[in-house]
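The values are calculated or read from the model by the stated rules, or taken from the named source; none is laboratory data. Everything numeric in this text was worked out from a predicted model, so none of it was measured. Neighbour counts are summed over all protein chains in view; Cβ atoms, including those assigned to glycine, are modelled from backbone coordinates with ideal geometry.
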């Protein structure tokens with residue numbers, strides 16, 4: 001490993017949440033949200049990556065599948081935590097919620113979260129696995145090759161993905177979440193550049209980041225076309241059976257092969273993100289363009305929230321008043337970093353590529 005690679009800051013991952021940002025550092029996860037009164041509430045939890053507890057999970061190609069599963073399970077928990085920090089859970093429950101709590105007891109929140117997670121996975125599988133594979137049998141009977149069938153199935157997935165994100169972005173609350181997504185990217189860029197974490201410095205950077213989950217999803221969709229086609233030809237050559245001829249077998253094979261696809265896609269994402277070669281810039285360009293749908297230009301106040309989350313993930317909780325849950329409250333007037341420590345910002349944003 002070169003000295004330049006050793007000097008590179010550790011990769012920080014993140015996620016936009018309700019009125020805030022989650023940042024995941026090497027050994028901790030932090031969430032910061034801005035309440036209606038302007039205060040920023042910050043929490044931090046120690047986090048030991050699975051790759052440290054089980055080294056084999058950190059191996060190339062395996063780590064991608066592990067990361068994908070972890071992202072699905074932790075994403076819902078982070079959203080639930082952010083809603084609690086905002087005080088959404090303190091609102092008067094509806095009659096249905098009261099009835100549900102009475103029937104299910106104290107574990108109602110966990111049960112509801114589990115059901116929501118299952119429904120989200122079912123929706124995703126139905127929209128991006130079951131639906132795109134419906135025409136494959138017809139196309140196979142029409143004499144299309146496995147490559148053409150998988151190409152059409154992949155194109156349908158990509159169109160559905162773009163349409164879904166575009167429709168979600170029309171919801172006002174989601175537009176704000178996409179702004180916080182942009183603030184997350186800008187703050188990560190600022191950290192990677194080694195600049196003091198201030199809104200002025202963060203705003204210099206692009207909202208498009210090559211390690212974003214949006215790019216990961218698009219890479220997964222594209223590579224799935226190549227990998228599924230290769231597998232189809234191998235099975236056809238060894239057994240003479242065309243997977244595309246049977247809808248159920250086709251769908252099951254795609255689900256079984258999903259860990260392989262996500263593992264390869266993860267390695268591709270990491271490789272493209274950390275390379276300065278022109279060909280890598282070109283290959284990651286489509287993913288960056290798709291992020292124009294999932295990110296928006298944030299306000300300085302949103303960048304303050306992302307910075308508070310980043311600082312907590314890397315350096316621990318700041319000093320301040322604490323809630324009974326142990327969250328730190330950064331008062332509105334004290335939440336902004338000291339501008340005197342920040343160098344002058346550039347007049348133009350730094351591009352993503």
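Residue 121 meets all of the listed conditions (1) modelled with pLDDT of 95 or more; (2) outside any loop (DSSP other than H, G, I, E, B) but one, namely (1).
Output yes when any residue across segment 201-217 is at pLDDT 90 or above and more than 30 Å from residue 298 (Cα to Cα), and no when none is. Within segment 201-217, none of the residues are at pLDDT 90 or above and more than 30 Å from residue 298 (Cα to Cα). Restricted to segment 240-249, and to residues there that are assigned to a loop (DSSP other than H, G, I, E, B) and touching a residue at least 40 places away in the same chain (Cβ under 8 Å), the residue that is surrounded by the fewest Cβ atoms within 10 Å (Cβ to Cβ) is 246. Checked against (1) over 18 Å from residue 289 (Cβ atoms); (2) part of a helix (DSSP H, G or I); (3) modelled with pLDDT of 95 or more, residue 237 passes all but condition (3). I'd like to know if segment 267-282 contains one or more residues that are within 22 Å of residue 163 (Cβ to Cβ) and surrounded by 14 or more Cβ atoms within 10 Å (Cβ to Cβ). Among the residues of segment 267-282, not one is within 22 Å of residue 163 (Cβ to Cβ) and surrounded by 14 or more Cβ atoms within 10 Å (Cβ to Cβ), which makes the answer no.
Is segment 200-209 home to any residue that is assigned to a helix (DSSP H, G or I), buried (at least 18 other Cβ atoms within 10 Å of the Cβ) and either free of Cβ contacts under 8 Å to residues at least 60 places away in the same chain or out of contact with any helix residue (DSSP H, G or I) (no Cβ under 8 Å at 6 or more places or on another chain) (or both)? No: zero hits.
Summed over segment 283-323, the residues that are part of a helix (DSSP H, G or I), more than 21 Å from residue 159 (Cα to Cα) and either free of Cβ contacts under 8 Å to residues at least 24 places away in the same chain or touching a helix residue (DSSP H, G or I) at 6+ places or on another chain (Cβ under 9 Å) (or both) give a count of 12.
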